[in-house]
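So the structure is just underneath, and the comments pick up after that.
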Amino acid sequence: MSIIEVKQLKKSFGSNEVLKDISVEIQEKEVVCVIGPSGSGKSTFLRCLNRLEDITGGTVVIDTHDITNPKVDINKVREEVGMVFQHFNLFPHKTVLENVTLAPMKVRKTEKSQAKQRALELLDKVGLREKADNYPGELSGGQKQRVAIARALAMNPKIMLFDEPTSALDPEMVGDVLAVMKQLALEGMTMIVVTHEMGFAREVGDRVLFMDGGFIVEENIPSLLFDAPQHERTQSFLSKVL
Amino acid sequence: MEVAKTAFPFFLEGLQITLYIFIIAVIAGFIIGLIVALMRLSPLKILNAIAIVYIDVIRGTPFIVQLFFIYFGLNSLEWLSMDRMYAGILTVAINAGAYFAEIIRAGIQSIDKGQTEAARSLGMTGRQTMTQIILPQAFRRMLPTITNQSIISLKDTSLLSIIGIADLTQQGQVQQATTFEPFIVWTVVGLMYFVVIYLLSLLAKFLERRFTLR
């Protein structure tokens, strides 16, 4: 059974229809990369998956919970869906360690010592244990993003959403972040990654969705989508970015 | 100088009352401001409207008129009776509350939307997000304007002498009448206000440095 089921998802901002008709199923442990030109709706699509955007129409079922149902406890669903943002959105008034322990302690009511131990493990995993007592302002962009990944992982989510995680980074920082994401994929995390990193999508993705104009224009396994795109829009997009 | 010496104990007494009113009124005003700011930002239209009317009425009328309305106006209705101290504190609090509300609202709105999104995406509730993430950051940003409004409110307390509260300004008037030395009396009273406000701004600078945004 698929862990994410999106049916006829529609999203409008006022009269501007950003997502027109999105249907897709994502299996557990699958890594799905979403590519496409800016304004194609790929970030909006991702943000609908944890209802950071109000959904205009259709259904989105996350791990058996229909989040378009107003009665669903969205906070409970979000506990299982980690998100990493383009601009990191770390909490600047809290230390790196506090950033990672906050949600487990406040939301999951984890003991402080336990939360701290888990946080240090995760910081170790992203290679930043020695920065635990620093503040986000003292870190580089790549380090911030790795802390943001650790922060999301601290909730032990079943699904991780990545919204252009490397787009705001200096080129030499991109590799460290992608390496952490690749490791996560190898460990079997279900991941949806909106990205412009075609190399990552090809290497790590199980499936690639190409979005344009509020639709999923084409989807396939990476080798086929990148090397033998069927749709004309996909071909012209790829010819510009590859 | 002799005059200043004999008058000084009275000034100190007045200053005590001034500070007493100031501290209670500013704390109450801040709580009012926080509640009204949250009402102002609430999605509920009715709470919004109440907050806007309150802020507009206070900003659109002079402090003295607010004081007279509360002390003389409300008391004359005879369904409540406030002594002058109560009415004075209430006026300063209600007045400061409106300005604090706007300061707090602006402070909350100045925090990047990404902070809320990050917190909510982790499963935190709206309330947790406000208390853990938004308000702590907003307060640091607001500290200079909060100090400013507090100083204005402290100075506003001097107007309470008009309804007969024995604050520092009132003591100045009494001492002027008994000593016939207005120059010395008002110099000393002015200096006392100045010193208190100066200390207040030093405290604010200290707090700002302690809580610098990182």
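The values are calculated or read from the model by the stated rules, or taken from the named source; none is laboratory data. In this text the structure is predicted, and so the values were computed from the model without any measurement. Counting neighbours? That spans all protein chains shown, and the Cβs are built from the backbone with ideal geometry, glycine included. Keep in mind that these areas ignore ligands, DNA and RNA; they rest on the heavy atoms of the full protein, side chains included. Shrake-Rupley method; radii C 1.70, N 1.55, O 1.52, S 1.80 Å.
Quick one: which strands (runs of 3 or more DSSP E) sit completely within the range A:1-73 and have at least 3 residues that are among the acidic types (Asp, Glu)?
On the way: elements: A:4-13, A:16-26, A:31-35, A:57-62.
Those strands (runs of 3 or more DSSP E) span A:16-26.
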The range A:89-100 - residue that is part of a loop (DSSP other than H, G, I, E, B) and either of a type in the set (Asp, Glu) or facing another protein chain (nearest Cβ under 8 Å) (or both) and, of those, nearest to A:Arg47 (Cα to Cα): A:Asn89
Test: residue in the range A:33-44 that is without any contact (Cβ under 8 Å) to a residue 12 or more places away in the chain and of a type in the set (Gly, Ala, Ser): yes
Unmet criterion (only one of (1) within 11 Å of another protein chain (Cβ to nearest Cβ); (2) in contact (Cβ under 8 Å) with a residue 40 or more places away in the chain; (3) of a type outside the set (Ser, Thr, Tyr)) for B:Leu159: (1)
Residue pairs meeting the criteria (Cβ under 6 Å; at least 6 apart or on separate chains; first open to solvent by less than 40 Å² (accessible area, probe 1.4 Å), in the range B:164-178; second modelled with pLDDT under 90): B:Gln175/B:Ala7
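Please determine, by comparing only the residues of the range A:123-135 that are surrounded by fewer than 22 Cβ atoms within 10 Å (Cβ to Cβ) and either part of a helix (DSSP H, G or I) or under 15 Å from the mean Cα position of the chain (by Cα) (or both), which one is nearest to the other protein chains (Cβ to nearest Cβ).
Pass one, the range A:123-135, residues surrounded by fewer than 22 Cβ atoms within 10 Å (Cβ to Cβ): A:124-125, A:127, A:129-135.
Subsequent filtering for residues that are either part of a helix (DSSP H, G or I) or under 15 Å from the mean Cα position of the chain (by Cα) (or both) retains A:124-125, A:129-131.
On the way: A:Asp124: 20, A:Lys125: 18, A:Arg129: 20, A:Glu130: 18, A:Lys131: 13 Å.
Looking at the filtered set, the residue picked out is A:Lys131.
State all residues of the range A:12-59 that are among the charged types (D, E, K, R) and surrounded by fewer than 17 Cβ atoms within 10 Å (Cβ to Cβ); if no residue qualifies, say none.
Our first condition is that a residue be among the charged types (D, E, K, R); within the range A:12-59, this holds for A:17, A:20-21, A:25, A:28-30, A:42, A:47, A:51, A:53-54.
Within the range A:12-59, A:Glu17, A:Lys20, A:Asp21, A:Glu25, A:Glu28, A:Lys29, A:Asp54 meet the criteria.
For the condition under 25 Å from A:Leu169 (Cβ atoms), surrounded by 20 or more Cβ atoms within 10 Å (Cβ to Cβ) and away from chain B (no Cβ under 11 Å), what is the one hit in A:Ala119, A:Ala103? Can you show your working first?
Working: A:Ala103 fails: away from chain B (no Cβ under 11 Å).
Just a single option satisfies the conditions, and that option is A:Ala119.
Please enumerate the residues belonging to the range B:143-168 that are closer than 14 Å to B:Val92 by Cα, part of a helix (DSSP H, G or I) and more than 14 Å from the chain's Cα centre (by Cα). Spell out how you get there, then give the answer.
If we filter the range B:143-168 for residues that are closer than 14 Å to B:Val92 by Cα, which is where we start, we get B:149-163, B:165, B:167.
Filter again for part of a helix (DSSP H, G or I), leaving B:149-163.
B:Ser161, B:Ile162, B:Ile163 - these are the residues of the range B:143-168 that are closer than 14 Å to B:Val92 by Cα, part of a helix (DSSP H, G or I) and more than 14 Å from the chain's Cα centre (by Cα).
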